[in-house]
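The structure appears below as structure tokens.
Derivation of every value follows stated rules applied to the coordinates shown; laboratory data play no part. Keep in mind that this is a model prediction, so the values were computed, not measured.
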Amino acid sequence: MGAVPGSRLLSAAAGTDSRPNAFDVEPFRRAGRRVVFREVDRPLLVLGSTQRAEVVDARVARRRGVEVVRRRSGGGAVLL
């Protein structure tokens, strides 16, 4: 999995977390899926792989301290 600027990998979960209210990754693991948790150290707007960059006003994002990055998977923008 590629690096995401402004974030660090917390865990590529295998479904073993005993904390109360922890995200249950077991169904995903059984289905052969991987769940990745990241912690961000600054605001990020993550665009989907095919989402057009023109949907973001880059000047406003910069002025507000929001870095715009792209992920490999599709879907809409996610603000972290």
For Arg33 and Ala77, calculate 0.36 nm times their separation in residues minus their Cα-Cα distance, and state this gained length in nm to one decimal. 13.7 nm
Multiply the residue gap between Glu67 and Glu54 by 0.36 nm, knock off their C-alpha separation, and tell me the result in nm, one decimal place. 3.2 nm
